[in-house]
Amino acid sequence: MNQLPPDVPAPYPVIDPLECKSCGRCVMVCPKKVLELGDELNARGYAFTRYKGAGCIGCLNCFYACPEPNAIKVHLPAKET
Amino acid sequence: MATQLIKGNTAVVVGALYAGCDSFFGYPITPASEILHEAAKRFPQAGRRMVQAESEEAAINMVYGAATTGRRAMTASSGPGISLKSEGISYLSGAQLPAVVVDIMRAGPGLGNIGPEQGDYNQVVKGGGHGNYRCLVLAPANVQEMCDLTIRAFELAHKWRMVAFVLADGVLGQMIEPLRFPETSTTPVTDVNWAVDGTAETRLNVVTSIFLDFDQQEAFNRLLQDKYAQVEAAEQDSEAYRLEDAEIALVAYGISARIAQGAVDAARAEGLRVGLFRPITLYPFPKDALREFVAPGGRQLVCVEMSNGQLRDDVKLAIDCACPVHLVNRMGGNLVTEEDILARSRELARSAGGRE
Amino acid sequence: MEQVVQTRGLYKTFPRKGGAAQTATHYCPGCEHGVLHKLIGEALADLDLQDRTIVISPVGCGVFAYYYFDTGNVQVAHGRAAAVGTGISRTQNNAVVVSYQGDGDLASIGLNETLQAANRGEKIAVFFVNNTVYGMTGGQMAPTTLVGSKTITSPEGRDPVQAGYPLHMAELINQLRAPVYIARVSFSNMGKLRRARQAIRKALEIQRDGKGYAFVEVLMACPTNQKMNVEEATRFVAEQMEVEYPLGVLRDRAAEAVPIVRSESDYAKETLDRIFSLDTDRAPDAQLTPDAPTFRVKMAGFGGQGVLSMGIILARTACQAGKFVSWYPSYGPEQRGGTANCGVVMSGTPVGTPLVTASDILVAMNRPSLEKFLRDVKPGGLLLYDAAMGEVTPPAGVRALAVPATRLAQEGGSARAANTAMVGVLAALGGFDLPERAYREAITCNFAGKDAVVQANLAVFDHARAWALEQELP
Ligand SMILES: Cc1ncc(C[n+]2csc(CCOP(=O)(O)OP(=O)(O)O)c2C)c(N)n1
Ligand code: SF4
Ligand code: SF4
């Protein structure tokens, strides 16, 4: 896995466990394979997706592939100028 | 005041334009086509929109779209086209959208013929589409009323957020009479409380007819029925002709009422106490006035219609069968004749006790 | 500054949905309807179009699109979105109309509305979800179902002999001249999804600029009814649907297209009065004169003999003279080639029935008409018939006069005005007691704007009237 130097702020996805319907589209499209379906069920009964915690490159694939409007946000750090 | 000799169908377009109608959507059908022709000519002259739709279904749905934006919109057709519009009329009613539909009735069922008939009464007055809805129904009897009741139809449609019909027949559509032009014109104002017109002000609004929840759907149905009850209290309209001392009242609307009026005069000339009760609103049916007439007892009603007793059934309902209700009718494109009405009036007067 | 990429153009919560989960869509897990919603919403937000936009929710799984789009919303009948969009767009020139439809809705029940709106080039962006089945109703065959595909209503697979072939909507619409933009897209990999995003944006830019019709077909599966997980669904789209329905931009005329501007309504009474020429074309109001006799006149002849306009001239004359009057024609196809007739009633009191059954006067221009209507002439009534049909023996009590109408018209200077000649004869012998001025006004009005025709008809009228005044009625 392509580790970024620790002092450079990294992009990261935020998955709302409640909104995820566990379809797996984000897992399928993540080029870095840093998303996974967990075993834990949310209040609506879905085994929601989790971010493994590191390795996101901010490609937004998961955001666009996710059909649920409120399930995924992606944080992108400010661009260096 | 200006008067012109004008065709009934043309008078509808005059009324629509002075009422501030923004758009007309139609599809050709005899005997309503002149409304489309005249709209094609006149609407653009006043900057209004007219589209010849691909079908009556499309036309009524274009009306649905225009009505969604809060504008005054209309369509016109005859029986076969009204059948196709029924889906859209149910949706308009479910979404509480105001619109005006003109039906120039011809003979049916099926393709029938283009002669005048009044066989669309049930379809229009009872609602030809699905669900617990009603439409306001106005029944003109002359060219003047083709215009004036079209104007009233727009006012009522927007006042109650309902579909308002102008229900006429081939004779009224095709005949020419003098029309006194309206003295004023209306500049309509969009009701931003419910319209969706593509502006910031109405962005939060939604026009829909779905309630997935049964209780919500029922509550909406009750709300509609409450509205209809108010309409029934407020909007009944009728006209009485030589009714004060009548023992027999002819009940007729539209062209049949005019023929019946002639029969009243002829009967009176023979000393028969015959009068005419003419509903101007078919929904709400003017039952209060009709009940008042039959209340003293000893009176009889004769429904004169160009249909199979559809009006008669409503008359019976309106008066709770409080007195005998007879039927003189023709169908298929034929008109009732004064002679038929007169003959029946004589017969009834005789059997009612030899009164003269 | 850190940027957070999140859904835009859709509501944050969905209270219209009701129930417990008002932050989630009603779509099945993995269904790409939500992806399309997000892309449309994002483009609307980026283009700053939400205030101007009205999204049309169809009947199908997209029926509740109005739960989500933060725009004006309208829900419509199955298949009728294009017609509703037409009505909206025609009345609100500035509105951005977005129609969101499935394949049952757009390509089956609404095919006519779809093609006709496209052909008129309506200002609508259509987003067409082709998922090869009817989703909402439980997976029936759609017009777009692939050959061999099993659905509930094609349990052995779609058989083209029974059910035809998959309908290619983008290609069909590409046969029409008016559409500005036509594309077919899918989300089956991220490159395709990004191209889809561009196409959606393009369709909405065209609406922003009021340039006309844009059609974006979006291929997707229905994981629920096709019983597929998202990987199988994605493969189905990529390996089967995209083979049948090739992706691409079929047309892009956005650059050349010019904005379509609809007229503004003019509500002024003066405008309407002018349109109807109320300053020049006006008649006096009828005067109540109960003692004046009522005349019921029947006129009949071949279509093309001017029978109907003869009646209108007479009615107009009576109207100009302050009578109550009506005119009622035979109408419809029978006018063509066949016989035509009309009835004119003039009276000192409001006209009851406009029908002329028993007539005071019959004007017959041909023999079939004569035979049809002669028996309805009242005793003491008058028959005027065209002399060209030869001798006629009227029933007892009916006065009859043969009128050489065509000759009188020729002599008067206009061979085509036999009907006006009859009016001249009626003026002399009808017994109406209408002022000559009224006839002249009626003729002038009837041919308004055609001065030479007016003059010719007035001449024929004068000549025929003079002729008639010298005739002896029996
Ligand atoms: C006039 C009418 N006929 C049938 C229906 C039932 N109906 C509801 S949704 C639907 C099919 C929708 O399929 P599609 O347009 O493919 O959309 P999807 O559900 O696949 O998104 C049908 C037939 C209806 N609502 N109205
Ligand atoms: S933004 Fe890209 S890399 Fe990051 S989690 Fe989402 S799909 Fe994976
Ligand atoms: S039924 Fe099919 S099309 Fe409808 S929401 Fe579910 S997966 Fe999507």
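The values are calculated or read from the model by the stated rules, or taken from the named source; none is laboratory data. Only a predicted model underlies this, so the values are computations on that prediction, with no experimental measurement involved. Quick reminder, even Gly has a Cβ in these numbers, built from the backbone with ideal geometry, and neighbours come from all protein chains shown. Surface areas here come from the heavy atoms of the whole protein model, side chains and all, with no ligands, DNA or RNA. Shrake-Rupley method; radii C 1.70, N 1.55, O 1.52, S 1.80 Å.
Things worth noting here:
- Flag if A:P69 is at pLDDT 95 or above and more than 9 Å from ligand 2 (Cβ to nearest atom): yes
- Where a residue in region C:271-298 is within 12 Å of another protein chain (Cβ to nearest Cβ) and its partner, wherever it lies, is open to solvent by 60 Å² or more (accessible area, probe 1.4 Å) and among the acidic types (D, E), with Cβ under 9 Å and at least six apart: C:D273/C:D279; C:A283/C:E441
- Any hit, region C:407-414, residues being assigned to a helix (DSSP H, G or I) and in contact with an Asp or Glu (Cβ under 8 Å, 6 or more places away or on another chain): yes
- Unique residue being over 22 Å from the mean Cα position of the chain (by Cα), in the same structural domain as C:V218 (by TED's automatic domain parsing) and open to solvent by less than 10 Å² (accessible area, probe 1.4 Å) when the list is C:D103, C:D70: C:D103
This table checks each residue for (1) open to solvent by less than 50 Å² (accessible area, probe 1.4 Å); (2) out of contact with any helix residue (DSSP H, G or I) (no Cβ under 8 Å at 6 or more places or on another chain); (3) in a loop (DSSP other than H, G, I, E, B).
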residue: B:T187; (1), (2), (3): no, yes, yes
residue: B:W194; (1), (2), (3): yes, yes, yes
residue: B:L212; (1), (2), (3): no, yes, yes
residue: B:N221; (1), (2), (3): yes, yes, no
residue: B:Q225; (1), (2), (3): no, yes, no
residue: B:A229; (1), (2), (3): no, yes, no
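- No other residue among A:R50, A:R25 is open to solvent by 20 Å² or more (accessible area, probe 1.4 Å), of a type in the set (K, R) and more than 16 Å from ligand 1 (Cβ to nearest atom) apart from A:R50.
- Residue count for region B:58-71 satisfying the condition of being more than 7 Å from chain C (Cβ to nearest Cβ) and either on the phi < 0 side of the Ramachandran plot or touching a Cys at 6+ places or on another chain (Cβ under 7 Å) (or both): 3.
- Output for region C:397-415, where each listed residue is touching a residue at least 24 places away in the same chain (Cβ under 8 Å), under 44 Å from the mean Cα position of the chain (by Cα) and open to solvent by 50 Å² or more (accessible area, probe 1.4 Å): C:G413
- Output for region B:120-131, where each listed residue is out of contact with any Asp or Glu (no Cβ under 9 Å at 6 or more places or on another chain) and not in a helix (DSSP H, G or I): B:G131
- Residue in region C:305-315 that is in the same structural domain as C:V425 (by TED's automatic domain parsing) and at positive phi present: yes
- Looking only at region C:18-36, and only at residues there that are in contact with a Ser or Thr (Cβ under 8 Å, 6 or more places away or on another chain) and in contact (Cβ under 8 Å) with a residue 40 or more places away in the chain, the one that is farthest from ligand 1 (Cβ to nearest atom): C:P29
- Complete set of residues in region A:53-81 that are within 16 Å of ligand 3 (Cβ to nearest atom) and within 12 Å of the chain's Cα centre (by Cα): A:A65, A:C66, A:A71
- Qualifying residues in region C:134-145 (those that are more than 14 Å from chain B (Cβ to nearest Cβ) and open to solvent by 10 Å² or more (accessible area, probe 1.4 Å)) - the one nearest to C:Y245 (Cα to Cα): C:P143
- Test: residue in region A:41-59 that is touching a Ser or Thr at 6+ places or on another chain (Cβ under 7 Å) and within 6 Å of ligand 2 (Cβ to nearest atom): no
- Annotation note: of C:H78, C:H26, the sole residue that is over 36 Å from the mean Cα position of the chain (by Cα), within 14 Å of chain B (Cβ to nearest Cβ) and under 27 Å from B:S90 (Cα atoms) is C:H26.
- Which numbered condition B:T202 misses (of (1) within 14 Å of chain C (Cβ to nearest Cβ); (2) out of contact with any helix residue (DSSP H, G or I) (no Cβ under 7 Å at 6 or more places or on another chain); (3) open to solvent by less than 20 Å² (accessible area, probe 1.4 Å); (4) under 25 Å from B:M306 (Cα atoms)): (4)
- Residues located in region C:434-448, provided they are open to solvent by 60 Å² or more (accessible area, probe 1.4 Å) and touching a residue at least 60 places away in the same chain (Cβ under 8 Å): C:R437, C:E441, C:A448
- B:L111 surrounded by fewer than 24 Cβ atoms within 10 Å (Cβ to Cβ) and within 18 Å of B:F24 (Cβ to Cβ): no
- Residues that are more than 16 Å from ligand 3 (Cβ to nearest atom) and at the interface with chain B (Cβ under 7 Å from one of its Cβ atoms) were ranked within region C:54-75; the one that is nearest to C:G135 (Cα to Cα) is C:Q75.
- Checked against (1) assigned by TED's automatic domain parsing to the domain that holds C:Y100; (2) more than 16 Å from ligand 3 (Cβ to nearest atom), C:D266 passes all but a single condition, namely (1).
- Number of the condition not met by C:K378 [criteria: (1) surrounded by 15 or more Cβ atoms within 10 Å (Cβ to Cβ); (2) charged (D, E, K, R); (3) at pLDDT 95 or above]: (1)
For every residue, the table says whether it meets (1) at the interface with chain C (Cβ under 10 Å from one of its Cβ atoms); (2) without any contact (Cβ under 8 Å) to a residue 40 or more places away in the chain; (3) β-branched (V, I, T); (4) crowded, with 21+ Cβ neighbours inside 10 Å.
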site	(1), (2), (3), (4)
B:Y18	yes, no, no, yes
B:L36	no, no, no, yes
B:F43	yes, yes, no, yes
B:G47	yes, yes, no, no
B:E56	no, yes, no, yes
B:A73	yes, no, no, yes
B:A76	no, no, no, yes
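- Filtering C:L44, C:L49, C:L39 for residues that are open to solvent by less than 10 Å² (accessible area, probe 1.4 Å), away from ligand 1 (no atom under 14 Å from the Cβ) and within 9 Å of chain A (Cβ to nearest Cβ) leaves a single hit, C:L39.
- Looking across region C:108-121, the residues that are out of contact with any strand residue (DSSP E or B) (no Cβ under 8 Å at 6 or more places or on another chain) and either open to solvent by less than 10 Å² (accessible area, probe 1.4 Å) or modelled with pLDDT under 95 (or both) come down to C:E113, C:G121.
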